[in-house]
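The block underneath contains the structure these notes are about, expressed in C-alpha cells.
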Amino acid sequence: MKIGFIGLGNMGAPMAANLASAGHTVTGFDTAHVSVDGVSPAQTAALAATGADIVITMLPNGEILRRVADEILPVMPAGTVLTDCSTVDVDSARAVAEQAQAAGVFALDAPVSGGVGGAAAGTLTFMVGGDTEGYEKTKPLFDIMGQKSVHCGPSGNGQAAKICNNMILGVTMIATCEAFALADKLGLDRQSMFDVVSTSSGYSWTMNAYCPAPGIGPKSPADNDYKPGFAAELMLKDLRLSQMAAISANADTPMGQLAQSLYETFVETENGRGQDFSAMLPRFEHRSRS
Ligand code: NAD
C-alpha cells in the first residue's frame, strides 16, 4: 500500500518505520523535518498525502489535526482513508470525520495505548471509531503497528473509549497511591499491603501490574526512579480531554474532575512534569492531611 504518514514524533516515527519495514511504501512529513528509516520525506503534509491509499496522522492535539485535515483532504480522492492515531478531543475527531465524509474519504479515529515501547515493538492497541469499510481497509496496517484493534462504532468512539479508559486509570492510580501513603502512616508494610490488596477486592491494574511502590510487585517505573513509562503530563492531557468530553456530553464525572485537578497541581506546581504518573505515591508520602 502507499501510505502517507504525518507526525513523526516519539510515537509516529517508530510506527511509520514498522510500516516501511513490512514492505509498504511510506512517505512522511513532520514540521520538525525528522528522518525515519525507510520513510521517504515530503516537504509538506499535502505532498505526503498525494497518491496515498491511506494517510495516518500522529499529532499533538485536535487543533493541529483540524489544520492538517484542511490541508490534506483536498488532495485525497474518494475511497481513500484518513486514519488519525493521535489522542484528541472527541469533538475534533467527529468534525474531521464529517469533513472527510463530505469528500468521500473514509475517516477513522484510532488512538492507541501501549506508549513509545509499544510503538517501537509493534504491540500497540488501537481503539477505532468510524465506518466498517474504512476499518477493514486499515486493519492490515493496525496488525503491523499493533497486536490488537477494537472497532468501537462510529466516528469519535475510538477517542471516547481511550479517554474513558484513561479516566479510570488516572482515578485508580491516585486511589492506589493514597492508600499506600495511608498504609505507611498506619504502620502497615508495603509488601503486606500489596499481598492483601492484589488478591482482594481492591485489586486493579495499577496495583497488580504497575505498582507505584518501588520494589513491590512486578517491575514498573517506580523501580526506575519514576522515569516514564507514561508521563504525568500525558495523563493530565487525557484527563483534560475526558473532562472536555464530559462537559460537552453533560455527564457528571466528579472523580475524573478531581483526578484532573490533582494531576494539574502535580504537573504544574509540584515537579511532576517528566515523572511517571505513578510518582503520585512519593507526592502523597510527603504530605499531611491539611
Ligand atoms: P510528539 O510530540 O513526540 O510528536 C508529535 C509530532 O507532530 C512532532 O514530531 C511534531 O513536530 C509533529 N507536528 C506538530 N505539528 C505538525 C504539523 N502541523 N504537521 C506535521 N507534523 C506536526 O508526541 P508523541 O508522543 O509522538 O504523541 C503523539 C500522539 O500520540 C499524541 O496525541 C499523544 O497524546 C498520543 N499518545 C502518546 C503516547 C506516548 O506515550 N507518547 C501514548 C499514547 C498516545
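The values are calculated or read from the model by the stated rules, or taken from the named source; none is laboratory data. All of these numbers come straight from a predicted model, not from anything done at the bench. Neighbour counts run over all protein chains shown; Cβ positions are idealised from the backbone, glycine included. The accessibility values were calculated without ligands, DNA or RNA, using every heavy atom of the protein model including side chains. Shrake-Rupley method; radii C 1.70, N 1.55, O 1.52, S 1.80 Å.
Spelling out what I want: for every residue of region 223-230, take phi, set θ = phi - 60°, compute 6.51 cos²θ - 1.76 cosθ + 1.60 (Karplus), and round to whole Hz; glycine and proline get x.
Once θ is set to phi - 60°, the couplings for region 223-230 become 7, 10, 6, 6, 6, x, x, 10 Hz.
Residue by residue through region 72-82, what is 3J(HN,Hα) from phi via Karplus (6.51 cos²θ - 1.76 cosθ + 1.60, θ = phi - 60°)? Round to whole Hz and write x for glycine and proline.
Karplus values, whole Hz, x for Gly and Pro: 9, 4, x, 9, 9, x, 4, x, 7, 10, 10.
Please report Rg over Rh for the chain, where both radii come from the alpha carbon positions and Rh follows the Kirkwood definition.
The Rg/Rh ratio comes out at 1.02.
With every atom except the alpha carbons ignored, what do you get for Rg and Dmax of region 141-290, in angstroms?
Over region 141-290's Cα set, Rg and Dmax evaluate to 16.3, 52 Å.
With +1 assigned to the C-beta of every Lys and Arg and -1 to the C-beta of every Asp and Glu, and no other charges, what is the dipole magnitude of the chain about the Cα centre in debye, to the nearest 20?
Here the chain has a charge dipole of around 260 debye.
Excluding Glu71 itself, calculate the net charge of residues whose Cβ lies under 15 Å from the Cβ of Glu71, where each Lys or Arg counts +1 and each Asp or Glu counts -1.
-2
Show that you can apply the helix-only estimate: for the chain, add -39,500 (n - 2.57) for every DSSP H stretch of four or more residues, divide by all residues, and state [θ] at 222 nm to the nearest 500.
Calculated from helices alone, the mean residue ellipticity at 222 nm is -15000 deg cm²/dmol.
Contact order normalised by length for the chain, with contacts defined as Cα pairs under 8 Å and 6 or more residues apart; what percent is it?
Relative contact order of the chain: 13 percent.
Which lysines have a Cα less than 28 Å from the Cα of Lys227, not counting those fewer than 8 places away in the same chain?
Lys148, Lys162, Lys185, Lys219, Lys237
Answer rounded, prolate or oblate for region 9-132, using the Cα gyration tensor with square roots of eigenvalues a ≥ b ≥ c: rounded when a/c is under 1.5, else prolate when a/b is larger than b/c, else oblate.
The shape class here is oblate.
What ranking, highest mean first, results for peptides 146-155, 243-252, 21-30, 34-43 when packing means the other Cβ atoms within 10 Å averaged over each residue?
Top of the packing list down: 21-30, 146-155, 34-43, 243-252.
Stokes-Einstein D for region 8-58 at 25 °C, 0.890 mPa s, Kirkwood Rh over Cα pairs, in µm²/s?
228
Taking amide H atoms as placed 1.01 Å from N in the peptide plane, list the residues 5 or more away in sequence, or in a different chain, whose amide H sits under 5 Å from that of Asp89.
Answer set, sorted by chain and number: Gly62.
Show me, for region 106-120, the HN-Hα J-couplings you get by feeding each phi into the Karplus relation (A = 6.51, B = -1.76, C = 1.60, θ = phi - 60°), rounded to Hz, glycine and proline as x.
Listing the rounded values in order: 6, 10, 10, 9, 9, x, 10, 10, x, x, 5, x, x, 5, 5 Hz.
Would you pull out the residues with amide H under 5 Å of Phe5's amide H, same chain only if 5 or more places away, H placed 1.01 Å from N?
Thr27, Gly28, Phe29, Ile56
Around Thr80, which amide H atoms from residues at least 5 apart in sequence, or from another chain, sit under 5 Å from its own amide H, with H modelled in the peptide plane?
Phe106
Glu98: net charge of surrounding residues, Cβ under 15 Å, Lys/Arg +1, Asp/Glu -1, itself excluded?
Summing Lys/Arg as +1 and Asp/Glu as -1 gives -4.
Determine the share of the chain's accessible area contributed by carbon and sulfur atoms, expressed in whole percent, with a 1.4 angstrom probe.
The computed percentage sits at 55.
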